Amino acid sequence: MLEFRDIQVTRGDFTLHADLAVAAGERVAVIGASASGKSTLLSLVGGFLAPDRGRILWRGRDITDLPPGERPVSFLFQDQNLFPHLTVAQNIGLGLRPDLRLNEAQRTRVAQVIEEVGLKGLDQRRPANLSGGQQSRVALARVLLRARPVLLLDEPFAALGPALKSEMLDLLARIAAETGATVLMVTHDPRDAVAFAPQTILIDQGTAMPPAATGPLLDDPPPGLRAYLG
């Protein structure tokens, strides 16, 4: 279980509160108006932002003060965070070793993951020679290889068209099922939430609400969310 215990963080004139829990293995969308604190919530879990008050726990362990590299977390950003000078295989291999000194077993595993995400034959290409969807697959492959129990995604497919986005959400769901990861995905598109996440955290007026069933929440949204969705 991922727990936010009496969390408060202030950035400038904005304050976010969170006191909630996410069950292990759950797929959860994080939705709210622009600048409502969606990315802030993920940054707290990833260790890129420290709370002013409260604690963050994973499976009962306090991770509030751990640096990002020591947390049980993988983070996928909208820009995919690929290194342009590295090949597909090297970008994915970073999930195992940052120095890329992979042994034979690790190289074999990289090759397996490349095939699993539909990139067979593209292992020596660089990001500039890939489509947007292929770049997304590289980023997801690295996440799959890392096999961290918590996966955070900050609008990772926002730049993709509807059909390709749907394909990536399906692949993400398969990866989450294979790894048993707890997934928090920020999205501005309610269709993504419905397609991927049985549960949704709504952030409204500076408060992250406990996860609620996605369908009923979006079918009858509270006033703040209704105004945002239009």
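The values are calculated or read from the model by the stated rules, or taken from the named source; none is laboratory data. Just so you know, these numbers come straight off a predicted model, no measurement behind them. All Cβ positions, even for glycine, are placed from backbone atoms using ideal geometry, and neighbour counts span all protein chains on display. SASA here: full protein model, heavy atoms, side chains in, ligands and nucleic acids out. Shrake-Rupley method; radii C 1.70, N 1.55, O 1.52, S 1.80 Å.
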Quiz item: Can you give me the Cα centroid spacing of segment 1-69 and segment 122-193 in angstrom?
Solution: 21
Quiz item: How do 193-199, 209-215 rank on mean C-beta neighbours within 10 Å, highest first?
Solution: 193-199, 209-215
Exercise. Name the residues whose placed amide hydrogens come within less than 5 Å of the amide hydrogen of A29, ignoring near sequence neighbours (fewer than 5 apart) on the same chain.
Key: M185, Q199, T200, I201
Quiz prompt | Cα pair distances of segment 134-230 binned at 10 Å [whole percent] | solution = 14, 47, 30, 9, 0
Quiz item: How large is the charge dipole for the chain, taken about the Cα centre, if only the Cβ atoms of Lys, Arg (+1) and Asp, Glu (-1) carry charge, to the nearest 20 debye?
Solution: 680
Practice problem: Over segment 120-230, average the accessible area per residue using a 1.4 Å probe and give it in Å², no decimals. | Solution: 44
Practice problem: Largest first and to the nearest Å, give the Cα extent of segment 184-228 along each principal axis. | Solution: 25, 19, 17
Exercise. Enumerate the helices in the chain for which the Kyte-Doolittle hydropathy averages 0.0 or more and the C-alpha atoms extend at least 20 Å along the helix's axis, using complete DSSP H runs.
Key: 132-146, 162-179
Exercise. Take the eigenvalues of the Cα gyration tensor for the chain, scale each by 5, and report the square roots as semi-axes in whole Å, largest first.
Key: 30, 21, 15
Quiz item: How large is the dipole of segment 1-93 about the Cα centre if only Lys and Arg carry +1 and Asp and Glu carry -1, each at its Cβ, rounded to the nearest 20 debye?
Solution: 140
Exercise. Return P(r) of segment 136-176 (all Cα-Cα pairs; 5 Å bins starting at 0; whole %; ordered from short to long distances).
Key: 6, 21, 38, 24, 8, 3
Quiz item: What are the ³J(HN,Hα) values, in whole Hz, obtained from phi via the Karplus relation 6.51 cos²θ - 1.76 cosθ + 1.60 with θ = phi - 60°, for each residue of segment 51-60 in sequence order, with x given for Gly and Pro?
Solution: x, 7, 8, x, 9, 10, 10, 10, 6, x
Self-check item: Translational diffusion coefficient (Stokes-Einstein; Kirkwood radius from C-alpha pairs) of segment 1-94 at 37 °C, 0.692 mPa s, in µm²/s
Solution: 221
Quiz item: Of D220, D123, which has the most accessible area with a 1.4 Å probe, and how do the rest follow in descending order?
Solution: D220, D123
